[in-house]
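The block underneath contains the structure these notes are about, expressed in structure tokens.
The values are calculated or read from the model by the stated rules, or taken from the named source; none is laboratory data. Predicted model, so just to flag it, every value in this text is computed and none were measured. Positions of Cβ are generated from backbone atoms using ideal geometry, with glycine treated the same way; all protein chains shown enter the neighbour counts.
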Amino acid sequence: MTQHTDSLRKEVCTLHAELVRTNLVAWTSGNVSARVPGADLMVIKPSGVSYDDLTPESMVVCDLDGKPVGEGLSPSSDTATHAYIYRNMPDVGGVVHTHSTYATAWAARGEAIPCVITAMADEFGGEIPVGPFALIGGDEIGRGVVATLTGHRSPAVLMKSHGVFTIGGTARDAVKAAVMCEDVARTVHLARAFGDLESLPSDQVDALHARYKNHYGQRETQR
């Protein structure tokens, strides 16, 4: 178990640097977590620590009730949200939260991002939905994330008047979803400035999403 957590501490630390590199966070906001395979544990960013000061050792191991395991720094203020998602979505291996500019602007309006470009159909399988407003501190945000994304193909949700939460099979998958969410939020915002938008037909969205999930990228050679 120590080997798993040590490896995940390094990965989660590295992925926080990706949030900075892709301009998804400001100051100390935002966080990445990863589920520890084979254990009811997760690794998450410490609260209020500068991204420049993050190290693998500073990452916090918590149980899936959000309680730190062992000594160390206090975990992120969003830990209860991450823990609730892991408890209720067993296929999720990584969670990301950001207040990225364009996606959060949609969240401030309480408006889903319509699926009007192929990149959205590919990555999100439709619109990026809006979840309910909830206060930080307990598991209310987690409840909203789970309720909104259950049965939805999107790995991203815009929590009303708050920001973005993304999920994935791994923490890296969840970071990718956060990067793509901000990218399409910006593109669709710019397109809307010139007039009304027309969503892609559902059959085309289905076809694009299936192609992306089943054929895009490198595949293991069949023998």
Spans of helices (runs of 4 or more DSSP H) in the range 80-192 with at least 1 residues polar (S, T, N, Q) and free of Cβ contacts under 8 Å to residues at least 24 places away in the same chain: 140-149
Selection status of ALA103, among the aliphatic types (A, V, I, L, M) and in contact with an Asp or Glu (Cβ under 7 Å, 6 or more places away or on another chain): yes
Criterion: touching a residue at least 12 places away in the same chain (Cβ under 8 Å), surrounded by 18 or more Cβ atoms within 10 Å (Cβ to Cβ) and outside any strand (DSSP E or B) - qualifying residue of CYS13, CYS62: CYS13
Residue check, ILE44 more than 18 Å from ARG153 (Cβ to Cβ), at pLDDT below 95 and not small (Gly, Ala, Ser): no
So GLY151, is it surrounded by 17 or more Cβ atoms within 10 Å (Cβ to Cβ) and either modelled with pLDDT of 95 or more or under 21 Å from ASP91 (Cα atoms) (or both): no
Selection status of THR166, within 15 Å of the chain's Cα centre (by Cα), loosely packed, with under 15 Cβ neighbours inside 10 Å and at pLDDT 95 or above: no
